[in-house]
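The values are calculated or read from the model by the stated rules, or taken from the named source; none is laboratory data. If you're wondering where the values come from, they're calculated on a predicted model, not measured in any experiment. We place every Cβ from the backbone using ideal geometry, glycine too, and count neighbours over all the protein chains shown. Quick note on the areas: whole protein, heavy atoms, side chains included, nothing else; ligands and nucleic acids left out. Shrake-Rupley method; radii C 1.70, N 1.55, O 1.52, S 1.80 Å.
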Amino acid sequence: MQLHKIYEENLMLLASMIQGQLESNPPATVVSLVNSKVELFSYRISFLTRCKAPRWEFKNTFFGDSPLHLNKEFLNRVITSHLQTHCCSVVVGSSEEDIDKINTLINTLMLFLSTEERQLCSHVRKDEYFIPNLLLQGMIGDFDKTLTLRSIRPTSVIDVSRMTIFQICAVRQHSKAREIFATYDIESIDKANANKAVPDLIREDNLFKPFKEASSYVCGLVTEVYSVPVQLRVSHIQNFRGFLERKAVLLIRSVERLGDKKANTDTLNSAILKRIKTDILRLGNEADFALILAIAEGISPGIGVSIFGTIQEDLEKRFNDLWGMNI
């Protein structure tokens, strides 16, 4: 994910706000209306530009020797959801008493990121601002999940106090919701629309669903990691990430080779998809498939379009933009 894509998107949003307001207000009034938006944009971009990986050690993860403990079943679901949403998660807690647990979970999830990706992570901060496009960040207090629509990638919202996970997983659904949210953001800056109802599609209870099914791959990993000596656990997790990437490549190659081109349809034949899931990938459950598909989209943007259809040109472009790729 390239920072210039984030800059471009935010500047276009600000420009749309200013342009819309200039049609009915004098420049001085427009400046006062958008000033807070500009300041927030400046803060967020500045934070992303200078962000560095938080200091941490393996012993301060739930796989290390941390005195803190997390329910194994919950940890399985947390890791699964994190990988399904392209390794983008917000970890929240109810009070400052949860800070150590939040930061320890962030450290744990960082094990599944590359060195470069870890530069876009943050422990709980005093400023309490949500920073869009961070891959991992900690928050305290009630968190408005719709704020994650400001991020390019779908996001898992993990609550360590309530032991709940909410996500918007599909890139296609996330992309459409972001467009609606941006329009609402532009319109609501006007005082006349300040109390305008949030569109149904982007209401929290409609958009974000509780996440309950853990990947069988992840369940196996967690069991294995806890069974090997501590000094071997990091390499075991790294090997697991390599295993998932190989599965993702296998999915991509299978879709390319078995795609029913003669049918002249935009979607993959359901029988072929079933064959890929059961005979080729040998998946344990649907959570496995969603996880592998998320990784495959990072390798080959638009692979989900080849499988499920919905091939608008702008949607394919968003897949490419997601990882700063042009193909």
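A few points about this structure:
- Pairwise label distance in nanometres, ASP127 with VAL249, each label 7 Å out on the Cα-Cβ vector: 3.9
- Accessible surface, per residue, of region 49-107 when the full set of protein chains is kept, probe 1.4 Å, Å²: 44
- Pairs from the table (LYS176/LYS277; LYS145/LYS277; LYS59/LYS274; LYS52/LYS277; LYS72/LYS209) lying more than 30 angstrom apart at Cα are LYS145/LYS277; LYS59/LYS274; LYS52/LYS277.
- The alpha carbon gyration tensor of region 101-155 gives principal lengths a ≥ b ≥ c with a/c of 1.5 or higher and a/b no greater than b/c, which makes the shape oblate.
- What a 1.4 Å probe finds exposed on region 72-171 is 46% carbon and sulfur by accessible area, rounded to a whole percent.
- Distance histogram for region 53-134 (every C-alpha pair counted, 10 angstrom bins, percent rounded to whole numbers): 17, 54, 29, 0
- A simple spin-label model places pseudo-atoms 7 Å from Cα toward Cβ; at ASN206 and LYS52 they are separated by 4.5 nm.
- Working note: 222 nm ellipticity from helices only, DSSP H runs with n ≥ 4, each -39,500 (n - 2.57), summed and divided by the residues of the chain, gives -16000 deg cm²/dmol to the nearest 500.
- Note on region 77-223: the C-alpha convex hull projects to 9.5 nm² when averaged across all orientations.
- Stokes-Einstein, applied to the Kirkwood radius of the chain over Cα pairs at a viscosity of 0.692 mPa s and 37 °C, places its translational diffusion at 155 µm² s⁻¹.
- Entry note, region 88-185: relative contact order of 33 percent, from Cα contacts under 8 Å with a spacing of 6+ residues.
- Length added when fully stretched, SER216-VAL234, from 0.36 nm per residue minus Cα-Cα: 4.5 nm
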